[in-house]
1. Could you pull out the longest piece of the chain with no exposed loop trypsin sites (Lys or Arg not before Pro) in it, calling a site exposed if DSSP puts it outside H, G, I, E, B and it has at most 14 other Cβ atoms within 10 Å?
2. How large is log10 of I(q)/I(0) for region 27-84 at q = 0.12, 0.16, 0.17 Å⁻¹ when the intensity is taken from the Debye formula with one equal scatterer per alpha-carbon?
3. What is the antiparallel percent of DSSP beta bridges lying wholly in the chain, to the nearest 5?
4. Where q = 0.15, 0.16, 0.17, 0.30 Å⁻¹, what log10 of I(q)/I(0) comes from the Debye formula for region 62-115, counting one point per Cα?
5. For region 46-64, list residues with backbone N below 13 Å from a point placed 7 Å from the Cα of residue 28 toward its Cβ?
6. GNM, the chain, Cα, under 10 Å: largest mean-square fluctuation among 42, 26, 55?
7. What residues qualify as long-range amide H neighbours of residue 85, i.e. H under 5 Å apart, gap of 5 or more or another chain, H built at 1.01 Å from N?
8. Taking the Cα centre of the chain as the origin and placing charges on Cβ (Lys, Arg +1; Asp, Glu -1), which of 31, 9, 87 is farthest toward the positive end of the dipole?
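Nothing in this text is a laboratory measurement; each read-out follows from the coordinates by a stated rule. Just so we're clear, the structure is a prediction, and the values are computed from it rather than from any experiment. In this analysis, Cβ positions are derived from the backbone assuming ideal geometry, glycine residues included, and neighbour counts consider all displayed protein chains.
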Amino acid sequence: QVQLVESGGGLVQAGGSLRLSCVASGITANIRTMGWYRQAPGKQRELVAAISRGGSTNYADSVKGRFTISRDNAKNTVYLEMMSLKPEDTAVYFCNAGVILNVYWGQGTQVTVSS
């Protein structure tokens, strides 16, 4: 079992920045890819960014150049640095961890960007 706890969400004006953190606990040695997803009201959950255990990254086109995902394997933590935030980035952001044959999710943290 893996437990994920996100933090760092909040209210920010357009053009501002936020940093999300997600700490994993439990059987963390089996975690491979970690990532951030988001879900806006009335929309499907979508991938924002993902990072492999070795550091390879993948981003949604909508956040490329503005968001940066990073990972500290020693601390079992994944980060999402978000810059130049836009109102359309408003959503609940979920942390995700993939292990063999299973995927774990955090409870989510709200990010609200005002115009």
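1. Working: sites that count: 32, 43, 53, 64.
Value returned for the longest uninterrupted segment is 65-115.
2. Debye intensities relative to I(0), on a log10 scale: -0.30, -0.52, -0.58.
3. Looking only at bridges with both residues in the chain, the antiparallel portion is about 90 percent.
4. Debye curve over Cα of region 62-115, log10 I(q)/I(0) at q = 0.15, 0.16, 0.17, 0.30 Å⁻¹: -0.53, -0.60, -0.67, -1.26.
5. Once the point is set 7 Å along Cα→Cβ of residue 28, nothing inside region 46-64 turns out to lie under 13 Å by backbone N.
6. The residue that fluctuates most here is 42.
7. 15, 16
8. Most positive-ward Cα: 31.
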